[in-house]
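Input: a single structure, listed below in structure tokens.
What follows is calculated from the coordinates using simple rules that are stated; it is not laboratory data. In this text, all values refer to a predicted model and were calculated from it rather than measured experimentally. Neighbour counts run over all protein chains shown; Cβ positions are idealised from the backbone, glycine included.
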Amino acid sequence: MSGKNVNVYFTEENLREINPLLFQRKFSHFVNEAVEEKIIKEKTKFRQQLIADYQKRSKDSDFQKTVEVYGEMSLADINKKLDDER
């Protein structure tokens, strides 16, 4: 695994909690694992929110009407363009 060194700021309280890891030489592994878990959690949360928003939006009748109008406009525009090219 490749990586880069970075400086990280910890509160005194958090540093006291993870201090034993410094002496076991497991500190980098611990921090990297914690960051990976947080990234996965945030991505999952974001994805779930997108799904919920999409489902909510898809049930909105005003939105459905707008989509239908744009869909019809798009098809009409395409048909006109094809007819003009013939």
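Observations on the structure shown:
- Proximal aspartates and glutamates to LYS80, defined as alpha-carbon separation beneath 15 angstrom and excluding residues fewer than eight positions away on the same chain: GLU72
- Net dipole in debye of the chain [+1 Lys, Arg Cβ; -1 Asp, Glu Cβ; about Cα centre; nearest 20]: 400
- Full-extension gain in nm, LYS56 to ASN5, via 0.36 nm per residue minus C-alpha separation: 14.0 nm
- Cα radius of gyration and Dmax for the chain (Å): 26.3, 79
- Pairs of lysine residues in region 1-70 - Cα separation under 28 Å, sequence separation of 8 or more or cross-chain: 16
- Rounded to the nearest 500, the helix-only mean residue ellipticity at 222 nm of the chain stands at -28500 deg cm²/dmol, with each DSSP H run of n ≥ 4 adding -39,500 (n - 2.57).
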